[in-house]
Amino acid sequence: MILLSVKGVCKHFNGNKAVDDVSLEINEGEIVGLIGANGAGKTTLFNCLTGYYRADGGTIEFKGKRIEKMKSHLICRMGIGRTFQIAKPFGDLSVLDNTVVGAYNHFKNKNEAYAEAKRCVDFVGLTDKSDVDASDLNTGEKRRLELARALATRPTLLLLDEVMAGLTPTESSEMVELIRKIRQSGVTILMIEHIMPALMSLSDTVYVLDQGKLICKGTPEEVSENKRVIESYLGKNSEA
């Protein structure tokens, strides 16, 4: 079943086409990768999908409903959650209190919200950090907190924006397993990532953006062998 359908989405800034006529589909249960060089339009597309930006053209359907003109909090309530490229937790709040902010998206009762937040904190492996202020976490722990906060909104579709950025190889391997665990829990995933071995091992389908345009879609193997992708991105990226 198609969970998200994007058709001809465009976003311009002062005449510059950050996202230019992009179309994609995500089926329920998939992990879909979105790659491209810095400035290719990946995060801008995420912002259009989640209502942080309003697309200048095209349509976005989630669960069969048009959402391109909806506000971000309503899109989140419908079931699209996300992490951010730069983790910005509330530094003076504990891990649990940071996460409960997301839980209030669905739970208005305080006890129920905290129970959901605790479940998410445990799920991402931060149980022993539950009462620690977010400002005292290391980079890997802050990435896990970002995931906990997003999962607490109870997404059907989770958008991950470089959740492995700044992680050590061991932490990246652990994050790969955590993403698989999220998928197994029933959450569909669209992810931006520059660590190619990790993204390729996780993704069922990969889309490639170059200067705002979609230049390739395929399996990880097909994308890795595509000459245009190699020329525009993979050939320039030492991590590929």
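Length gained on full extension, Ile86 to Asn38, computed as 0.36 nm times the residue gap minus the Cα-Cα distance: 15.8 nm. For the pairs Lys42/Lys63; Lys71/Lys142; Lys17/Lys88; Lys88/Lys142, flag any whose C-alpha to C-alpha distance is greater than 19 Å. Those over the limit are Lys42/Lys63; Lys71/Lys142; Lys17/Lys88. Rolling a 1.4 Å probe over the protein heavy atoms leaves Lys108 with an accessible area of roughly 140 Å². Does anyone have the angle between helix 169-184 and the longest principal axis of the chain? Alpha-carbon axes, 0 to 90°, nearest 10? Taking Cα atoms only, the helix is inclined about 90 degrees.
Of all DSSP-defined beta bridges confined to the chain, some 55% are antiparallel rather than parallel. Relative contact order of the chain, taken over Cα pairs closer than 8 Å and 6 or more residues apart, is 25 percent. With the biggest extent put first, the Cα atoms of region 68-213 measure 44, 39, 28 Å across the principal axes.
Within the assembled protein chains, the solvent-accessible surface assigned to Thr170 is about 90 Å², based on a 1.4 Å probe. Summary of the geometry: region 131-206 and region 40-88, compared by the centres of their Cα atoms, lie 18 Å apart.
In region 20-78, Cα pairs under 8 Å separated by at least six residues give a relative contact order of 25 percent.
Answer rounded, prolate or oblate for region 14-80, using the Cα gyration tensor with square roots of eigenvalues a ≥ b ≥ c: rounded when a/c is under 1.5, else prolate when a/b is larger than b/c, else oblate. In terms of gyration-tensor shape, oblate. The residues of region 1-146 have, on average, 49 Å² of accessible surface per residue, using a 1.4 Å probe with all protein chains present. Listed values for region 121-132 are Karplus-derived 3J(HN,Hα) couplings in whole Hz (6.51 cos²θ - 1.76 cosθ + 1.60, θ = phi - 60°), namely 4, 5, 4, 8, x, 10, 3, 6, 10, 3, 9, 7, and x replaces Gly and Pro. Of Ile215, Ile35, the residue with the largest accessible area leads and the full order is Ile215, Ile35 (1.4 Å probe). Measuring nothing but alpha carbons in region 1-150 and taking Rh as the Kirkwood radius, the Rg to Rh ratio lands at 1.01.
The values are calculated or read from the model by the stated rules, or taken from the named source; none is laboratory data. What you see is a predicted model, and the numbers here were worked out from it, not measured in a lab. These accessible areas exclude ligands, DNA and RNA; they are computed on the full protein's heavy atoms, side chains included. Shrake-Rupley method; radii C 1.70, N 1.55, O 1.52, S 1.80 Å.
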